[in-house]
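Just below is one structure, and these are the notes that go with it.
The values are calculated or read from the model by the stated rules, or taken from the named source; none is laboratory data. Here the structure is a predicted model, which is why all the values come from computation and not from measurement. No Cβ is skipped: glycine too gets one built from the backbone with ideal geometry, and neighbour counts run over all protein chains shown. Just the protein is used for accessible areas: all its heavy atoms, side chains included, with ligands, DNA and RNA removed. Shrake-Rupley method; radii C 1.70, N 1.55, O 1.52, S 1.80 Å.
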Number of protein chains: 2
Amino acid sequence: MTTPGRGLHGRVLDTLGPAITAGEYPPGSVLRTDELAQRFEVSRSVMREAVRVLESMHLVESRRRVGVTVRPAAAWNVYDPQVIRWRLAGADRPRQLRSLTVLRSAVEPVAAALAATHATAEQCAAITECAIGMVAHSRGHKLEGYLLHDVAFHRLILTASGNEMFARLGDVVEEVLAGRTHHEVMFDDPDPAAVTLHVQVAEAIREGDATRAEHLTREITEGALKELDILAP
Amino acid sequence: MTTPGRGLHGRVLDTLGPAITAGEYPPGSVLRTDELAQRFEVSRSVMREAVRVLESMHLVESRRRVGVTVRPAAAWNVYDPQVIRWRLAGADRPRQLRSLTVLRSAVEPVAAALAATHATAEQCAAITECAIGMVAHSRGHKLEGYLLHDVAFHRLILTASGNEMFARLGDVVEEVLAGRTHHEVMFDDPDPAAVTLHVQVAEAIREGDATRAEHLTREITEGALKELDILAP
DNA sequence: AGCCCATTAGGTACGACTAATTCAAGCCCT
DNA sequence: AGGGCTTGAATTAGTCGTACCTAATGGGCT
């Protein structure tokens, strides 16, 4: 995935970030740079750089004479891929997964509709290939192969929408899908109906049928939501 | 808005960030920390902190023996409020505004539907108040007052949806709406039809009619898209 | 109550040293 | 002779530690 620990400050972040997003330090908690530097056995310079990054994510706020105070969760940059990963690794993973899936259910249908009118021939071919790949890995405990094509499928559609904001949600979708396969209860084989829907979405996009692509994609995301309801009502 | 220049490194970012997002340094461009420190007349420590922040936004990548290389736009954290502000201040503001409006058109209808079933009585009251405020400022060149209520209206709905990912898009909506009022051509008074739609959305949410809230909100966002088409086809 | 000042923790600057990576010169082997 | 590999020198970010500045804060004084 992403390079863990590109430098000492990155190592520090890999510990501090998850700790903060996990609520280990409640909002308003005050940390001191020097104390943190000692705790992590790094120089103040390194700790300052780490704090700066946390600050840019709005996880903390640095004020003179006070220290580094933890900000309430409502202020966090929850779209930062790093923050998303930290939170998905934490305790409220289910809630996080649900939020992200709801976001998917809002974005992906619209993205699919746009893809139906904007996708190039190459993109259509790639999307179709992914759908075929999903079918090929839909039976016989080939979950890893299925996941790979599933992620690529949704990422391609988001990209083909031509909207950069949508395109950048590819990472989010990947996290959600990977999480479902790896951490949550996943039925031995994917739902055949879902596989069919993916094939049909590919069809609709290829044919330039925006409305159909949108509705079919909505069915997929609603299925994902129902799946979550079953696991954690 | 946000505090401009919380420290020297912030001052540097206020210049470097917009420059990079504006494409002033094409992808692959190499900057050197020391050179930048000299150019901005700050110490290396300060410049390093600034670079760390840019790195956390995926605007640049810092590698030994190479320098600080500018990453392609596709890698940028376009959901970072700071990045959004920088890009909106730059040359491709129209494209950016369009991307964000498309995002709104995907998210807000779903958020409104959720708000219809999740909003508390207090939230319903606040939303209604905003709609009333919009009506009150809809005639006679009261654009600032109108904007204020418009922003609050959409922000409240996003919050009332109960989904934190939606809630955090309040800043985005504010930027878009503020941009429309301040920088783009804005008709002297807002479209009466749009004002009515807002009132009706408030109604639907109050009555718990999710489907109606969703459809009405979709009309609002589609109107916003059409407005953009007129300005920049 | 209001003002003043000592305290405190972050902010900035500088200098020295480390480490990784690139590039190229030089070598060996084919 | 040419191509690929090794080695080393140059370069730039990374880390550390120190010294000093600045501004909030809280308590004590008037």
- Task: Collect the residues in segment B:30-50 that are in contact (Cβ under 8 Å) with a residue 24 or more places away in the chain and surrounded by 15 or more Cβ atoms within 10 Å (Cβ to Cβ), keeping them in residue-number order.
- Result: B:Leu31, B:Thr33, B:Leu36, B:Phe40, B:Val42, B:Val46, B:Met47, B:Glu49, B:Ala50
- Message: Tell me whether segment A:168-188 contains one or more residues that are assigned to a helix (DSSP H, G or I), within 12 Å of chain B (Cβ to nearest Cβ) and either more than 26 Å from B:Arg104 (Cα to Cα) or free of Cβ contacts under 8 Å to residues at least 60 places away in the same chain (or both).
- Response: yes
- Query: Which number in (1) closer than 30 Å to A:Gly140 by Cα; (2) within 14 Å of chain B (Cβ to nearest Cβ); (3) open to solvent by 20 Å² or more (accessible area, probe 1.4 Å) marks the one condition that A:Glu164 misses?
  - Reply: (1)
- Message: Of everything in segment B:100-138, what is more than 10 Å from chain A (Cβ to nearest Cβ), touching a Phe, Trp or Tyr at 6+ places or on another chain (Cβ under 8 Å) and among the β-branched types (Val, Ile, Thr)? Give them in sequence order.
- Response: B:Ile127
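Residue by residue, here is whether (1) within 20 Å of A:Pro94 (Cβ to Cβ); (2) of a type in the set (A, V, I, L, M, F, W, C); (3) at pLDDT 95 or above holds:
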position: A:Ala121; (1), (2), (3): no, yes, yes
position: A:Gly133; (1), (2), (3): no, no, yes
position: A:His137; (1), (2), (3): no, no, yes
position: A:His141; (1), (2), (3): no, no, no
position: A:Leu147; (1), (2), (3): yes, yes, yes
position: A:Arg168; (1), (2), (3): no, no, yes
position: A:Ala204; (1), (2), (3): no, yes, yes
- Task: Answer yes if at least one residue in segment B:80-99 is in contact with a Phe, Trp or Tyr (Cβ under 7 Å, 6 or more places away or on another chain) and either in a loop (DSSP other than H, G, I, E, B) or more than 18 Å from A:Ser56 (Cα to Cα) (or both), and no otherwise.
- Result: no
- Query: Restricting to segment A:207-222, what's the tally of residues that are touching a Ser or Thr at 6+ places or on another chain (Cβ under 9 Å), surrounded by fewer than 18 Cβ atoms within 10 Å (Cβ to Cβ) and in a helix (DSSP H, G or I)?
  - Reply: 1
- Message: Within segment B:57-83, take every residue that is within 16 Å of DNA strand C (Cβ to nearest atom) and of a type in the set (Ser, Thr, Tyr) and give me the one that is most open to solvent (accessible area, probe 1.4 Å).
- Response: B:Ser62
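For segment A:75-92, indicate whether the set of residues that are within 11 Å of DNA strand D (Cβ to nearest atom) and within 14 Å of chain B (Cβ to nearest Cβ) is non-empty.
Of all residues in segment A:75-92, those within 11 Å of DNA strand D (Cβ to nearest atom) come to none.
Scanning segment A:75-92, I find no residue that is within 11 Å of DNA strand D (Cβ to nearest atom) and within 14 Å of chain B (Cβ to nearest Cβ), so the answer is no.
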- Message: I need the full set of residues from segment B:4-29 which are away from DNA strand C (no atom under 15 Å from the Cβ) and free of Cβ contacts under 8 Å to residues at least 12 places away in the same chain, in order please.
- Response: B:Ala19, B:Glu24
- Since A:Leu97 meets every condition but one in (1) at pLDDT 95 or above; (2) within 25 Å of B:Glu108 (Cβ to Cβ), which condition does it not meet? (1)
- Message: Which residue is nearest to the other protein chains (Cβ to nearest Cβ), if the candidates are limited to segment B:17-67 and must be within 20 Å of B:Gly90 (Cβ to Cβ) and in a strand (DSSP E or B)?
- Response: B:Val60
- Note on the structure: Of (1) over 30 Å from B:Ala213 (Cα atoms); (2) within 13 Å of chain A (Cβ to nearest Cβ); (3) open to solvent by 20 Å² or more (accessible area, probe 1.4 Å), B:Arg95 fails just (1)
